[in-house]
Amino acid sequence: MNKTSHPVLWIVVPCYNEEEVLPKSVPMFKEVLTNMTAQGKISDSSSILFVNDGSSDTTWELISRYAAADPQIRGISLSRNRGHQNALLAGLMEAKKYCDITISIDCDGQDDVKAMYEMVDKYQEGFEIVYGVRSDRETDTWFKRTTAQSYYKVLHSMGAEVVYNHADYRLVSTRVLDEFSDFQEVNLFLRGLFPLVGFPTANVYYSRHERMAGESHYPLRKMLALAFDGITSLSIQPIRFITILGLFIAFLSFMGVIWAFISYFTGTTVSGWASMACIICFLGGIQLLALGVIGEYIGKTYLETKRRPRFIISKRTWEKADDVPTKAEVLTFHEQADRDE
Ligand code: UDP
Ligand code: MG
């Protein structure tokens with residue numbers, strides 16, 4: 001194994017209008033970093049990277065202030081709000097230039113930071129991706145719990161590989177991120193893409209807490225959008241299902257035609273408005289639904305062909321690349337230290 005015993009860890013935290021939460025989560029993340037450094041699990045040049053996702057409140061001012069006071073705290077700011085998945089990707093792509101491992105986590109304290117210790121241990125055991133998996137969903141509403149669980153089942157039945165009850169709390173090594181940077185899709189559903197990269201993976205279980213402050217930015221509308229992105233970016237089963245449905249209905253129609261002919265020639269035809277209306281409405285409905293699903297994929301293909309940038313970083317709390325030690329420098333430092341011992 002060629003892993004360093006002191007990997008440089010960057011914790012990547014997307015933040016959108018989180019001014020109420022940051023004063024609580026910054027010390028929380030910092031404590032984990034300090035403890036892990038003291039335990040010799042990670043390098044002392046590890047960092048916390050906050051990604052400001054175009055917040056309209058004082059989130060960026062807060063991040064800049066924390067970064068100015070503590071060299072282990074860093075921030076990048078996106079040029080506008082791009083949504084959780086893009087903000088997270090921006091953070092990971094930035095972090096991979098400087099670190100050996102990243103852990104992505106939400107800003108609101110819902111994910112238990114204690115799981116990070118175990119994640120790093122798993123990395124040392126040889127796993128390149130470690131998924132944080134919720135052991136329970138007690139803090140969720142009944143609605144969110146049931147819809148989320150049925151959603152995982154639907155994804156699985158369509159052949160998409162997603163880790164059950166895992167959101168975006170995970171450790172990913174730079175090695176995986178380097179490969180992952182070749183995944184250029186615009187419709188991002190990160191939790192479904194990492195399993196596609198491969199490499200040894202492990203799970204770490206934790207229980208999810210309530211938000212420390214502020215409110216969720218995932219209303220039903222955004223949740224549904226993410227759910228559709230998940231299905232359409234991982235599977236073409238819905239289009240296949242439409243084909244099968246089309247074949248089935250075509251077969252039924254063919255039988256109907258035969259039935260109509262027989263009725264006509266046996267002289268039992270009656271003028272049936274209701275049955276005609278039902279058939280027309282039913283077929284009309286199915287056709288529109290089918291067109292909608294196909295349109296969804298064509299729309300996504302259209303967006304993918306444009307290859308627009310998925311995020312634009314407008315500000316960093318550090319001036320130039322030299323302000324962050326490179327991985328090689330950190331390595332030499334530790335090799336030196338190990339030799340001195
Ligand atoms: N977030 C983001 N951009 C957005 C919406 C959310 O970066 O457009 C961040 C948010 O600050 C938080 C994480 O994504 O750190 C998860 O969001 P939230 O807690 O609101 O979602 P929930 O946990 O309720 O699903
Ligand atoms: Mg949350």
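When you check ARG211 against the structure, is it out of contact with any strand residue (DSSP E or B) (no Cβ under 6 Å at 6 or more places or on another chain) and within 14 Å of ligand 1 (Cβ to nearest atom), yes or no?
Values: out of contact with any strand residue (DSSP E or B) (no Cβ under 6 Å at 6 or more places or on another chain): yes; within 14 Å of ligand 1 (Cβ to nearest atom): yes.
Yes.
Cβ-Cβ below 8 Å, separation at least six or inter-chain, first residue in segment 70-97 and within 16 Å of ligand 2 (Cβ to nearest atom), second at pLDDT below 95 and among the hydroxyl-bearing types (Ser, Thr, Tyr): which pairs?
HIS84/TYR218
Taking segment 256-280 as the search range and keeping residues that are within 24 Å of ILE242 (Cα to Cα) and open to solvent by 100 Å² or more (accessible area, probe 1.4 Å), which one is modelled with the lowest pLDDT?
So the residue we want is MET276.
Restricting attention to segment 199-206, does a residue exist that is surrounded by 16 or more Cβ atoms within 10 Å (Cβ to Cβ), at negative phi and within 16 Å of ligand 1 (Cβ to nearest atom)?
Yes, segment 199-206 contains at least one residue that is surrounded by 16 or more Cβ atoms within 10 Å (Cβ to Cβ), at negative phi and within 16 Å of ligand 1 (Cβ to nearest atom).
Any residue that is open to solvent by less than 10 Å² (accessible area, probe 1.4 Å) and more than 23 Å from GLU185 (Cβ to Cβ) - is there at least one of those in segment 90-99? I'd like the intermediate steps shown before the answer.
Start the filter on segment 90-99 by keeping residues that are open to solvent by less than 10 Å² (accessible area, probe 1.4 Å), which leaves 90-92, 94-95, 99.
Then drop every residue that is not more than 23 Å from GLU185 (Cβ to Cβ), which leaves 99.
Yes.
Can you tell me which residue in segment 175-187 is farthest from ligand 2 (Cβ to nearest atom), limited to those that are within 24 Å of MET119 (Cβ to Cβ) and open to solvent by less than 60 Å² (accessible area, probe 1.4 Å)?
My answer is SER181.
Mind telling me which of the residues ASP322, ASP338 ends up being touching a Ser or Thr at 6+ places or on another chain (Cβ under 9 Å) and at pLDDT below 65? Steps first, answer last, please.
Values: ASP322 fails: touching a Ser or Thr at 6+ places or on another chain (Cβ under 9 Å).
None of the others qualify; the one that does is ASP338.
Among the residues of segment 289-313, write down those that are touching a residue at least 60 places away in the same chain (Cβ under 8 Å) and farther than 19 Å from SER235 by Cβ. Quick ask: steps written out before the conclusion?
In the first step, residues of segment 289-313 are kept if they are touching a residue at least 60 places away in the same chain (Cβ under 8 Å); the result is 296-297, 300, 303-304, 306-308, 310-313.
Across segment 289-313, the qualifying residues are LYS306, ARG307, ARG308, ARG310, PHE311, ILE312, ILE313.
What residue, among those in segment 144-155 that are out of contact with any helix residue (DSSP H, G or I) (no Cβ under 9 Å at 6 or more places or on another chain) and at pLDDT 85 or above, is surrounded by the most Cβ atoms within 10 Å (Cβ to Cβ)?
Step one: list which residues in segment 144-155 are out of contact with any helix residue (DSSP H, G or I) (no Cβ under 9 Å at 6 or more places or on another chain), which gives 145-146, 149-150, 152-153.
Okay, now just the ones that are also at pLDDT 85 or above, so 146, 150, 152-153.
Numbers: THR146: 12, SER150: 10, TYR152: 16, LYS153: 10.
Going through the qualifying residues, I end up with TYR152.
Going by the structure shown, is GLN85 within 11 Å of ligand 1 (Cβ to nearest atom), polar (S, T, N, Q) and open to solvent by 10 Å² or more (accessible area, probe 1.4 Å)? Before the answer, list the steps.
Values: within 11 Å of ligand 1 (Cβ to nearest atom): yes; polar (S, T, N, Q): yes; open to solvent by 10 Å² or more (accessible area, probe 1.4 Å): yes.
Answer is yes for this residue.
Identify all residues within segment 93-112 that are within 13 Å of ligand 1 (Cβ to nearest atom) and β-branched (Val, Ile, Thr); write none if there are none.
ILE105
Among the candidates LEU247, LEU234, LEU220, LEU190, which residue alone is within 16 Å of ligand 2 (Cβ to nearest atom) and either within 20 Å of ARG170 (Cα to Cα) or at pLDDT 85 or above (or both)? Spell out the reasoning first.
Values: LEU247 fails: within 16 Å of ligand 2 (Cβ to nearest atom); LEU234 fails: within 16 Å of ligand 2 (Cβ to nearest atom); LEU220 fails: either within 20 Å of ARG170 (Cα to Cα) or at pLDDT 85 or above (or both).
So the residue among LEU247, LEU234, LEU220, LEU190 that is within 16 Å of ligand 2 (Cβ to nearest atom) and either within 20 Å of ARG170 (Cα to Cα) or at pLDDT 85 or above (or both) is LEU190.
The values are calculated or read from the model by the stated rules, or taken from the named source; none is laboratory data. Source: prediction; values computed, not measured. Glycine also receives a Cβ, built like all others from the backbone with ideal geometry; neighbour counts cover every protein chain displayed. Ligands, DNA and RNA are excluded from the accessible area calculation, which covers all protein heavy atoms including side chains. Shrake-Rupley method; radii C 1.70, N 1.55, O 1.52, S 1.80 Å.
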